[in-house]
Structures are given as structure tokens and as C-alpha cells.
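A.B. asks: Pasting a structure below so you can have a look.
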Amino acid sequence: MYPIHTTIQKLLAEERFQEAMTLIAELGEKRDQSSVEFLTGMLTETQNTLVRNEVAIALKDIGDNRAVCPLIEALSNADMNRSRGTLLYALEELYYEPYIEIIVAFIGDANLEVRMQSFLLFENAADKLSEQQKQICKETLLKCKSERTNEILDEALALLNN
């Protein structure tokens, strides 16, 4: 383990969250790809929402596709619902299209940030999707619309009809 990883773990154990988040942000700023596994492990290990969000942003900054699966898993974890907007944001520059069926369901979320972030991801991927993915997304969006309607669901459905 790298010394900075050990330092971050020590700071977290001592509940010195702000200092740990500063170091986590530095890993992202440096685009330290050697830290991807360490950071993805932290997504589920930490109970601190602010730390989890900082980890997600660092993973976005690093831009390594190894982060996609752990971000999707975290996104799907009900215990992490307070981080979903940031987790979705972290996927922006990554290759998330194979998981679009999971992402599109969040367009029906009660949280505006989550709805908007998932719509942006969907909008960016819509023209790259296979017919099968489009059909699954349409079914998911219609199911969401039957449970809770919002304008963003209509916009997403319109994207599929173009």
C-alpha cells in the first residue's frame, strides 16, 4: 500500500475527515491511476457521505474505467442514496453505456440532482445504444412514469423516439 493510502486510512480512523478528503482530492487532481483500487474500495467501506462523495469525484478526475463497476454497484446500493447524484456525476467521462439500463431508472428518482445527472448520462449515450438497450430503457422509463411522473421522463422518452 502506498504511504498516502495509509495516511488516508489513519485520518479516517481518527475521524479527521476533512484532512482525509483533502488527500483524496489530491489523488484525483494528480490523476493517480495507481489509487483506483484503493479508492473504489473506499466507496463501500466508508459510512461518511462526504468522504464517499469526495472519493467519487476523485475517481471521476482520474478517469479510469476500472471505476465504472464499483460506481454502479455503489449507485445500486440503497444505503448510498445520499451519494447517488455524485456517483452519477462521477460516471460522466467513463464508459458507462453497458450499464445504461441501471442508470436510466434513476431518471424517475425523487431527488432532482439524481434525476438530472442520470438524464445527462442517458442523453449523452442515447445515440450509441443498441436497439435492445433502447427497448429496455423505454420499458424502464415507462415503468418509472407510471409510479411518478416528471418532465425529465418525458424528455428521455422523446430521445428514444427520435
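A.B. asks: Taking loop as defined by DSSP and a crowding limit of 12 other beta carbons within 10 Å, which GluC sites (Glu not before Pro) in region 1-70 fit? Please report the intermediate quantities before stating the final value.
C.D. replies: Working: sites: GLU14, GLU15, GLU19, GLU26, GLU29, GLU37, GLU45, GLU54; in loops: GLU14, GLU15.
Of the GluC sites (Glu not before Pro), the ones in loops of region 1-70 whose Cβ has at most 12 other Cβ atoms within 10 Å are GLU14, GLU15.
A.B. asks: Still on this structure, please answer the following. In the chain, if every C-alpha pair distance is counted and binned at 10 Å from zero, what percent goes to each bin?
C.D. replies: Distribution as computed: 11, 39, 29, 15, 6, 0 percent.
A.B. asks: Name the shape class, rounded, prolate or oblate, that the alpha-carbon gyration tensor gives for region 97-162, where a ≥ b ≥ c are the square roots of its eigenvalues, rounded holds for a/c under 1.5, and otherwise prolate holds if a/b is larger than b/c and oblate otherwise. Can you show the working numbers first?
C.D. replies: Details: a/c = 1.64, a/b = 1.37, b/c = 1.20.
In terms of gyration-tensor shape, prolate.
A.B. asks: Based on alpha-carbon centroids, what's the gap between region 41-89 and region 132-147 in Å, whole number please?
C.D. replies: Taking the Cα centre of region 132-147 as reference, the centre of region 41-89 is 25 Å away.
A.B. asks: Among the lysines, which fall within straight-line cross-link reach of LYS30, defined as a Cα-Cα distance under 17 Å, with same-chain neighbours fewer than 8 residues apart omitted?
C.D. replies: In chain and number order, the partners are LYS60.
A.B. asks: Taking only Cα atoms, what is the 0 to 90° angle, nearest 10, from helix 3-13's long axis to the longest principal axis of the chain?
C.D. replies: Here the helix axis deviates by roughly 80 degrees.
A.B. asks: As I understand it, the value is the acute angle between the Cα axis of helix 112-125 and the longest principal axis of the Cα atoms of the chain; what does it come to in degrees, rounded to 10?
C.D. replies: Computed tilt is about 70 degrees.
A.B. asks: Let me ask something else. To the nearest 20 Debye, how big is the dipole of the chain about its Cα centre, given +1 on the beta carbon of each Lys and Arg and -1 on that of each Asp and Glu?
C.D. replies: Numbers: 16 positive and 27 negative charges, 41 e Å.
Approximately 200 debye in magnitude.
A.B. asks: Now for a different question. Each label point is 7 Å from the Cα along the Cα-to-Cβ direction; what then is the distance between the points at ILE102 and GLU19, in nm?
C.D. replies: Placing both labels 7 Å beyond Cα along the Cβ direction yields 3.5 nm.
A.B. asks: Please tell me the relative contact order of the chain in percent, rounded to the nearest whole number, where contacts are Cα pairs under 8 Å and at least six residues apart. If you can, show how the numbers build up before the last one.
C.D. replies: On the way: 189 pairs, mean separation 25.6, N = 162.
Over the chain, the number comes to 16 percent.
A.B. asks: Quick check: pseudo-label points 7 Å beyond the Cα along Cα→Cβ at GLU93 and GLN47, how many nm apart are they?
C.D. replies: 3.3 nm
A.B. asks: State the answer as a single residue: which of SER118, GLN33, TYR95 lies farthest towards the positive end of the charge dipole of the chain, with beta carbon charges of +1 for Lys and Arg and -1 for Asp and Glu, about the Cα centre.
C.D. replies: Sorting the options by dipole projection puts first SER118.
A.B. asks: Additional query: Using only helices, what value at 222 nm comes out for the chain when you add -39,500 (n - 2.57) per DSSP H run of length 4 or more and divide by the total residues, to the nearest 500 deg cm²/dmol? Present the calculation step by step, with values, prior to reporting the outcome.
C.D. replies: Details: 10 runs with 111 residues, N = 162.
One gets -21000 deg cm²/dmol as the mean residue ellipticity at 222 nm.
A.B. asks: With θ set to phi - 60°, apply the Karplus curve 6.51 cos²θ - 1.76 cosθ + 1.60 along region 152-157 and write out the HN-Hα couplings as whole Hz, x wherever there is a Gly or Pro.
C.D. replies: 5, 4, 5, 5, 5, 4
A.B. asks: With a cut-off of at most 12 other beta carbons within 10 Å, and DSSP calling the residue loop, which chymotrypsin sites (Phe, Trp or Tyr not before Pro) in region 3-99 qualify? Please list them.
C.D. replies: Details: sites: PHE17, PHE38, TYR89, TYR95, TYR96, TYR99; in loops: TYR95, TYR96.
Those satisfying the criteria are TYR95.
A.B. asks: Moving on. Using DSSP loop states and a limit of at most 16 other Cβ atoms within 10 Å to flag trypsin sites (Lys or Arg not before Pro), what is the longest stretch of the chain containing no flagged site?
C.D. replies: Details: sites that count: ARG16, LYS30, ARG31, ARG148.
Here the longest run is 32-147.
A.B. asks: Could you tell me which of rounded, prolate or oblate describes region 1-66, using a ≥ b ≥ c as the square roots of the eigenvalues of the alpha-carbon gyration tensor, with rounded for a/c under 1.5 and, failing that, prolate when a/b is larger than b/c and oblate otherwise?
C.D. replies: Working: a/c = 1.61, a/b = 1.38, b/c = 1.17.
It comes out prolate by the Cα gyration axes.
A.B. asks: For a Förster distance of 22 Å, can you work out the FRET efficiency between the beta-carbons of CYS69 and ARG148, rounded to the nearest 0.05? Display every interim value, and only then the final one.
C.D. replies: On the way: r = 28 Å, r/R0 = 1.27.
The value I calculate is 0.20.
A.B. asks: Helix 17-29 against the longest principal axis of the chain: what's the angle in degrees, Cα atoms only, rounded to the nearest 10?
C.D. replies: Compared with the principal axis, the helix lies near 70 degrees.
A.B. asks: Aspartates and glutamates near LYS138 by alpha-carbon distance under 20 Å, same-chain residues fewer than 8 away left out - which ones?
C.D. replies: GLU97, GLU101, ASP109, GLU123, ASP127, GLU147, GLU151, ASP154, GLU155
A.B. asks: By a straight-distance test (C-alpha under 21 Å), which lysines pair with LYS145 as possible cross-link partners, with residues fewer than eight away in the same chain excluded?
C.D. replies: Result set, ordered by chain and number: LYS134.
Where a number appears in this text, it was derived from the coordinates with a stated rule and is not lab data. Everything numeric in this text was worked out from a predicted model, so none of it was measured. Heads up, the Cβs are rebuilt from the backbone with ideal geometry, glycines too, and the neighbour counts pull from every protein chain shown.
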